[in-house]
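Visitor: My questions will all concern the structure given below.
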Amino acid sequence: MNAKDVTFLEDTFKKFYFEHFDLLHVPDNPNQREFGYQKFNGGMNRHISLKSDKDLHLLLMQNKPSDVYCSNARYMFPNLPMAEKDWQNAEIIFDIDAKDLRKEHPKDNTLIKCSDCNEISSLNESCPNCQSTKLSFTTLTCNDCIKSTKDEVVKLKQILTDDLGIDQQNIKIFFSGNEGFHIYVSKSEYDDVGSKERAEIADYIMFRGSIPETFGFRKFNMNKSSLPKFEDDGWGGRLAKHLYGTKSNRPKILQEVLSGGYTLFQKRLEDFRDSIGIKIDPNVTQDIHRIFRLPGSINSKSGLTKIFVEDLKKFDPYVDACFIDDEEVEVVTNCPIEFSLKKKKFGPFNNEQVSVPKFAAVYMMCKGIASSV
Amino acid sequence: MVNLGNDEIVKYPFLAEAGKYLSDKGFSLEQFGTDPDLKKIVENAFERIITASEGRIFKSDFSSNNSALPLEIFSFLIAVILLKLSGMNTLIRRFSLAEARRAEKFLEKDLMNYQDATKTKLSLQILEELFSMTVEKTDKGFTILVRDYLKHSINFYEREWKLINRKVVNGKVHLTSHETVRLVRKELDRHIYTKINSSSSPDMIIGFETYVDKLKQLAKKFEVKTVESKEFPPCIKHAIEVLEKGENLPHSGRFMLATFLLNKGQTVEQIAPLFKNAPDYNPKVTIYQLNQLSGVSGTTEYKCPSCEKVKSQNLCFPVPACDTIINPLQFGRKRV
Ligand code: SF4
Ligand SMILES: [Zn+2]
Ligand SMILES: [Zn+2]
């Protein structure tokens with residue numbers, strides 16, 4: 001990113017922070033958390049300890065970070081190197097991101113950047129300018145993606161409460177600031193559970209590693225098999241619904257499964273991961289030393305804010321998480337597709353200088369398709 | 001601690017405080033070495049160790065345990081003394097494991113005792129106090145908190161223990177009595193082992209010498225000449241470790257280990273002894289299987305499974321040097 005854009009974004013972010021200190025808080029037990037931040041074009045600064053909101057606000061004003069992070073873990077000595085921190089416990093966090101849900105890039109919402117000639121164009125197999133296939137993909141605002149991500153969050157919440165016994169009130173949903181959600185479980189009995197255990201929980205949620213026996217399939221005594229029923233708790237019931245479709249289908253499908261044999265059913269269970277497993281990022285859940293974007297801070301991949309979601313159904317990230325003001329600014333942009341923010345449509349722009357509200361300018365600059373003039 | 005009657009101590013003798021138990025009953029250790037009536041108990045204790053060393057479980061005869069002279073409790077306590085005097089760690093390991101398996105059977109039965117609710121209560125209490133595992137009894141079986149379940153289950157390799165393969169409702173995992181007890185097998189073994197190991201060693205007792213000598217002899221039989229393992233990848237080291245401890249290595253693990261060593265040029269004869277500590281060791285079968293793998297008797301030669309495969313079997317414990325390889329055989333090879 002060029003120096004001028006960096007200054008522009010730094011100033012804009014700083015102004016946002018200055019005006020929205022109310023959104024930025026250190027979490028509970030701040031002195032046990034590890035904080036970190038990044039600057040535009042800069043590396044990660046970690047192992048920082050902050051004691052209060054005031055410390056945090058000072059850091060934001062002094063360092064003009066592009067991104068701010070905080071550990072879910074609590075440590076005895078958060079500012080020492082990892083091996084000496086002395087891990088105590090950590091909220092368990094799940095990450096659901098649109099990029100993990102998409103089977104393919106949405107045609108109308110994706111643009112490609114050519115790594116050879118830097119050309120930006122709408123979705124294509126190869127660069128229309130130089131035919132290179134070395135492309136990177138950028139998705140702009142997409143309501144379908146947000147919708148399916150939300151659906152996944154709802155399914156996750158169901159498993160967390162029904163299966164894992166987590167109190168509804170201890171589940172907090174945050175919009176990640178780009179195209180996903182972070183689901184925090186706090187004050188639960190899972191707080192001091194280690195990484196291996198969390199990996200098991202992730203596998204459970206993702207429906208990974210299941211075996212036919214779990215669902216009543218008897219390898220050596222096949223006619224004694226009893227596959228799950230609609231009303232069964234947990235994965236049994238969910239699998240039944242997926243497998244039979246309707247209750248009355250059960251006998252027919254049951255017959256089909258049994259005559260297909262063990263190996264085939266095993267194979268089908270593996271395939272079901274895609275259809276019924278919840279698409280969380282397992283690495284996020286099992287990493288107990290990670291630092292997460294701090295709620296209330298801006299995500300420099302989009303200029304949107306990571307924010308607590310009160311009502312998931314009504315939540316519209318492109319309105320509710322967009323806090324930059326609408327002062328008109330001039331930018332040069334190459335944006336071959338349309339996007340919409342704060343209920344306004346922008347683009348397509350064909351390598352031209354345009355005047356747009358600052359929130360749209362910031363969004364495009366963060367996506368790497370605009371520059372300030 | 002739970003209040004135990006004689007019946008209970010027969011089943012779970014490791015819960016008794018050895019010295020105190022004997023003196024409460026009015027006996028001293030020395031008596032066992034000299035008193036002809038008590039000598040039989042020393043003989044029994046010795047047998048109990050032999051049985052354990054062979055991987056078998058000592059069978060109880062409850063009628064032999066009247067409260068004045070509870071033979072089996074004594075034979076356990078004396079066995080511990082003999083083991084301590086011999087100082088043979090391999091035997092202590094084997095003995096703890098066998099005694100753990102024995103206790104496991106009783107725990108399982110007591111959990112399921114529908115006639116006598118106090119038995120169930122007591123076994124639940126043992127689980128709670130020894131392993132801080134809160135188990136609840138339901139109509140159909142038992143439940144345990146997911147987090148407690150995971151603490152134990154992550155040490156198992158078999159896929160059936162993965163959380164996904166369990167019935168999980170409202171923060172609790174549903175288990176049968178067998179599974180509940182199976183969950184703490186390792187810990188029970190470790191509990192008995194540490195208890196024996198941390199008990200103080202008495203001076204030699206007159207009348208015990210021959211037994212102790214025999215045990216020392218016996219222990220030699222179990223010594224494993226470990227194959228040079230310095231340059232071995234962690235998965236292989238781990239498999240060897242499991243076998244050396246006399247724990248069960250799943251079939252996939254044995255396959256990996258055997259194919260790895262064969263590929264490294266070791267002979268069937270060199271490898272076979274590694275498996276002799278396995279609970280189900282049978283020398284003939286082992287040699288036959290190894291020959292199959294090596295291609296001596298069969299036609300196919302088996303390859304060592306890939307890291308990916310090993311990983312899927314939960315037998316992979318990668319270290320940084322694993323980053324660039326896709327098969328354990330490549331471990332430690334310098335890239336040119
Ligand atoms: S990465 Fe390969 S060599 Fe390393 S522990 Fe895993 S299976 Fe073994
Ligand atoms: Zn190009
Ligand atoms: Zn989309």
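The values are calculated or read from the model by the stated rules, or taken from the named source; none is laboratory data. This one's a predicted model, so the numbers in the text were calculated from it and none came from an experiment. FYI the Cβ positions are ideal-geometry reconstructions off the backbone, even for glycines, and counts take in every protein chain you see. Remember, those area values only see protein heavy atoms, side chains included, never the ligands or the DNA or RNA. Shrake-Rupley method; radii C 1.70, N 1.55, O 1.52, S 1.80 Å.
Visitor: Within region A:132-147, which residues are open to solvent by 50 Å² or more (accessible area, probe 1.4 Å) and away from ligand 2 (no atom under 16 Å from the Cβ)?
Guide: A:Asn143, A:Asp144, A:Lys147 - these are the residues of region A:132-147 that are open to solvent by 50 Å² or more (accessible area, probe 1.4 Å) and away from ligand 2 (no atom under 16 Å from the Cβ).
Visitor: What residue, of B:Phe32, B:Phe46, B:Phe76, B:Phe27, is open to solvent by less than 50 Å² (accessible area, probe 1.4 Å), modelled with pLDDT of 90 or more, of a type in the set (Phe, Trp, Tyr) and under 19 Å from B:Ile9 (Cβ atoms)?
Guide: On inspection, the qualifying residue turns out to be B:Phe76.
Visitor: Considering region A:294-316 alone, what residues qualify as being of a type in the set (D, E, K, R) and either modelled with pLDDT under 95 or surrounded by 22 or more Cβ atoms within 10 Å (Cβ to Cβ) (or both)?
Guide: A:Lys306
Visitor: Exactly one of these conditions fails for A:Asp86: (1) on the phi > 0 side of the Ramachandran plot; (2) modelled with pLDDT of 95 or more. Give me its number.
Guide: Single failed check for A:Asp86: (2).
Visitor: Next question, about the same structure. Looking at region A:1-25, I want the residues that are at pLDDT below 95 and have a partner that is open to solvent by 80 Å² or more (accessible area, probe 1.4 Å) with Cβ atoms under 8 Å, at least 6 apart or on another chain. Which pairs are those?
Guide: Hits for this filter: A:Met1/A:Asn41.
Visitor: Across region A:72-118, what is the total count of residues that are part of a strand (DSSP E or B) and either within 16 Å of ligand 1 (Cβ to nearest atom) or basic (Lys, Arg) (or both)?
Guide: 2
Visitor: Continuing with the same structure: Every residue in region A:158-187 that is outside any strand (DSSP E or B) and away from chain B (no Cβ under 14 Å), please.
Guide: A:Gln169, A:Ser176, A:Gly177, A:Asn178, A:Glu179, A:Ser186
Visitor: Now a separate question. Exactly one of (1) over 30 Å from B:Gly19 (Cα atoms); (2) open to solvent by 40 Å² or more (accessible area, probe 1.4 Å) is unmet by B:Asp203. Its number?
Guide: Here B:Asp203 meets the rest and fails (1).
Visitor: Out of everything in region A:1-15 that is open to solvent by less than 80 Å² (accessible area, probe 1.4 Å) and in contact with a Leu (Cβ under 9 Å, 6 or more places away or on another chain), what residue ends up being nearest to A:Lys54 (Cα to Cα)?
Guide: Ranking the candidates gives A:Lys14 first.
Visitor: Sort out for me the helices (runs of 4 or more DSSP H) sitting completely within region B:103-183 that have 1 or more residues that are more than 14 Å from chain A (Cβ to nearest Cβ), farther than 24 Å from A:Asp191 by Cβ and within 25 Å of the chain's Cα centre (by Cα).
Guide: Ranges flagged: B:117-131, B:177-182.
This table checks each residue for (1) open to solvent by less than 60 Å² (accessible area, probe 1.4 Å); (2) farther than 14 Å from A:Gly296 by Cβ; (3) assigned to a loop (DSSP other than H, G, I, E, B); (4) at pLDDT 95 or above.
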| residue | (1), (2), (3), (4) |
| --- | --- |
| A:Pro27 | yes, no, yes, yes |
| A:Gly36 | yes, yes, no, yes |
| A:Asn41 | no, yes, yes, no |
| A:Leu50 | yes, no, yes, yes |
| A:Lys54 | no, yes, no, yes |
| A:Leu59 | yes, no, no, yes |
| A:Gln62 | no, yes, no, yes |
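Visitor: Moving on to the next point. Regarding region A:211-226, can at least one residue be identified that is out of contact with any Ser or Thr (no Cβ under 6 Å at 6 or more places or on another chain), surrounded by 17 or more Cβ atoms within 10 Å (Cβ to Cβ) and more than 14 Å from every other protein chain (Cβ to nearest Cβ)?
Guide: yes
Visitor: State whether the residues of region A:114-125 include one that is over 27 Å from A:Asp274 (Cβ atoms) and within 16 Å of ligand 3 (Cβ to nearest atom).
Guide: Checking region A:114-125: at least one residue is over 27 Å from A:Asp274 (Cβ atoms) and within 16 Å of ligand 3 (Cβ to nearest atom).
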